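First up is the structure itself, then whatever we jot down about it.
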Amino acid sequence: MPERERRWNGWGVAGERLSVPDAARAFLTERLGSGDPLPAVPEAEVKLPAPRPLPPLPLPAATDDASRLRHACGSSLPDLIALRTGTVAAYPDAVCAPDTPEQVVELLCAAAAGGVTVIPRGGGTSVTGGVTVSAVDRPVVVLSLERLRGIVALDRGSQLARVRAGTLGPELEAALAPHGLRLGHEPQSFEFSSVGGWVATRSAGQRSTGVGKVDDLVAGLEVATETGLWRLAAQPASAAGPELRRLLIGSEGRLGVITEATLRLRPLPECEDGLAVLLPGWAAGVDVCRALLQNGVPVETMRLADPEETRFGMTLVALSPLAARASRMLFSRRRYRSGCLLLLGWAGTTQGMTLAEQTAARHWRAAGGFAVGRAGWRRWRADRFRHPYLRDELLTAGWGVDTLETAAPWSGLEAVYGGVREALQRAAASLGTRVVVGCHLSHAYRDGASLYFTFLWPLARGREVAQWGALKGAANDALLAAGGTLSHHHGVGTIHAPYLEREVGRTGVAALAALAHALDPAGVLNPGVLLLRTTDHGPRTTGGGEG
Ligand SMILES: Cc1cc2nc3c(=O)[nH]c(=O)nc-3n(C[C@H](O)[C@H](O)[C@H](O)COP(=O)(O)OP(=O)(O)OC[C@H]3O[C@@H](n4cnc5c(N)ncnc54)[C@H](O)[C@@H]3O)c2cc1C
C-alpha cells in the first residue's frame, strides 16, 4: 500500500483539506461570535535546538530537523496549537525505527544502560499527550514502529491473525479481505493509527458496539522489555492466574513495547448498510439505544447525537435547497424541535439485517421516532474519516475545537451528560467567553454507554492553550464527579494522568507503578504517561487539563 505523506502540523495527508461549510460558519458565528484566527507558521520558520549527544545505539538514529519535528508531538489540541504556532516545548534527540522485535529489545537495553528516555510511537494520533515529548534532562529517542508492519501468521481455522504492531488500519483490512476475513476495528483515526497504538490505548472503533473494543479483539501479545521478548500466546480463555494480556492492554508504553498482537477476526459480512432515525429528544434516544442492547438486537454501529450535535451536524452536510427546507420544517415541528439523530449500522446476512432492522424499528417507533432514510447513514459512512480535517480549518477560522469521551452505566448517564455540559458552560463563562457543546452516545453495552463530547469556542490570541485547559479541566472534574470514567477509549496519556488516581485509587496507582518498575526498572519508557512522574504533583481537582 503506497505511503501517503502526513501533514506535519495538522491532521491527515499533506494537501488534503475539508472546508467549513457556510452554514456551519453561520451557526458558529451566531452562537460564539468570531475568534482570533490561528495561522500556521511555515516549517522553514521552526527552529529546533541541536540534538543532545546520545550513547551508542544498536540501530541507526535519525537526528535531522524534519524527523525530529515530525516525532515531537501527537494529535492533541495543545500539540496542534504548539505545532501551528512554532512553540513546541521539546523535541526528541533522535528517531529510531527497528525492523525486528529483537531490535526493539536491543534498543531498550541500550537506552537503559545509557540513561535515555524512549517514547514508543505508532501512528502518533494520541489525543492525550501520549507521544508528546516533554522537556526532560535525559536524551529522548522516539521508537517508531513504522517498520514493524504486516501479518506474521494467519490461523484461518481459529480466525486469528498475528499482526506486527506498526500495521495501520487500512493495510490490515486489505491484507485480511482476500481471506474473507476482517478485524472490523475502525477508530476515526483508522487510516493513520496502528495496531500497537490501539492495544496500548484500549481504543474503540465506530463498529465497536457490534465487534467490541480492541480489548475484546486481542487474544495474544508479544511485548519487548529490557529482559527480552515476553510472549503471551493466544488463548480463547484461561484461568492460569490473573489475565496478564489485559494488564498490557491499555499500558500506554509504560510496561513494554508491544511488538505483535494476535487479533480475533470475523468473516467479511455478506452485506452492510444502515439508516438514520430521528427521535423526538435525547432521553427518548438513550432509551431506544438501551433497549436495543438489552434486547440483543445485533447493531454494529450506534451513534445517537444530542439536539446540539444534531443541529451542528446538519450544518456540516451540504443539503440540497429542498432537503434543507424539509429539515428546517421538520425541526420546527413541536415534537422534533429537540430532535436527535440516531445512526444505526448493521453487517451480516441480508436476512439477518432485515430482521435486526425490523426489531429495531419497533423500539424507535414506540419512542416516537421515524426512519429518515439510508442517505444520511451512507453520507456519514463515506465522510467519516474526513471529518477530522475540519479541526485544522476551524482553527484557521478562529474557533477552537476539542473532544472528550467517557462512559457510565445507563443509570448514571444522564448525570454525566448534564454535569459535563454544565461544567463546560460554567468554565466558558468564567473565561468570559462562550462554548457550544455537542454530544453523542457513541458505543453502547448492555450495562451502559459511552458519551463523546465535542466543544467549540472562539479563540483568544496567545491564550488558546489556557482556554482549552480551563474547559477540559472543568469537564474532566465534572465527569469524574458524576461517576463517569476518565476515558472510554482515548486513554490516559500525560493529559489525563493527574486524574487517574481519582478513578483507580491510590492502591491502583501504586500497583501500576510497581508493575512499571518491575518491567522497566531503569524507567526508560514514556515517563509521565499514564502515571505521573515522581516530580509531578498529585492529582488535580480543578482545571487540571492543561497539558
Ligand atoms: C482525528 C482523530 C480521531 C480519533 N478517533 C479515535 C477513535 O475513533 N477511537 C479511539 O479509540 N481513538 C481515537 N483517536 C485517538 C487515537 O487515534 C487512538 O488512541 C489510537 O489508538 C492511537 O494509535 P496510534 O498508533 O496513533 O498510537 P500513538 O499515538 O502513536 O501512541 C499512543 C500511545 O500508545 C503508546 N504506543 C503506541 N504504540 C505502542 C506500542 N507498539 N507499544 C507500546 N506502546 C505503544 C504511545 O507511547 C502512546 O502513549 C483519534 C485521534 C484522532 C487525532
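The values are calculated or read from the model by the stated rules, or taken from the named source; none is laboratory data. Because the structure is a prediction, the values reported are computed rather than measured. Cβ sites come from the backbone with ideal geometry, for glycine too, and all protein chains shown count toward neighbours. Just the protein is used for accessible areas: all its heavy atoms, side chains included, with ligands, DNA and RNA removed. Shrake-Rupley method; radii C 1.70, N 1.55, O 1.52, S 1.80 Å.
A few comments on the model shown:
- Ellipsoid equivalent to the stretch 359-479 - semi-axes via the Cα gyration tensor, in Å: 30, 20, 11
- With the convex hull drawn around the C-alpha atoms of the stretch 151-267, the volume per residue stands at 99 Å³.
- Adding -39500 (n - 2.57) for every DSSP H run of four residues or longer, then dividing by how many residues the chain holds, sets the calculated 222 nm ellipticity at -11000 deg cm²/dmol.
- Dmax and Rg, reported as Rg then Dmax, of the stretch 271-383 (C-alpha, Å): 13.7, 40
- Going by accessible surface with a 1.4 Å probe and the largest first, GLU106, GLU222 read GLU106, GLU222.
- For the chain, the longest principal axis of the C-alpha atoms and the axis of helix 500-519 are separated by about 30°.
- Percent RCO, i.e. relative contact order, over the chain, from Cα pairs under 8 Å lying at least 6 residues apart: 17 percent
- Taking the square roots of five times each eigenvalue of the Cα gyration tensor of the chain, the equivalent ellipsoid has semi-axes of 37, 29, 22 Å, listed largest first.
- Sum of side-chain charges, VAL492 neighbourhood, beta-carbon under 10 Å (Lys, Arg +1; Asp, Glu -1): 0
- Computed from Cα positions, the angle between helix 101-114 and the longest principal axis of the chain comes to roughly 60 degrees.
- Across q = 0.12, 0.21 Å⁻¹, the stretch 98-206 modelled as identical point scatterers on its alpha-carbon atoms has Debye log10 I(q)/I(0) values of -0.47, -1.14, in the order of the q list.
- With one equal scatterer per alpha carbon and no solvent term, the Debye-computed log10 I(q)/I(0) for the stretch 347-412 at 0.12, 0.27 1/Å reads -0.63, -1.10.
- Cα-based equivalent ellipsoid of the stretch 220-341: semi-axis lengths in Å, sorted from largest, via gyration tensor: 45, 17, 15
- Share of pairwise Cα separations in the stretch 1-104, more than 17 Å, in percent: 66 percent
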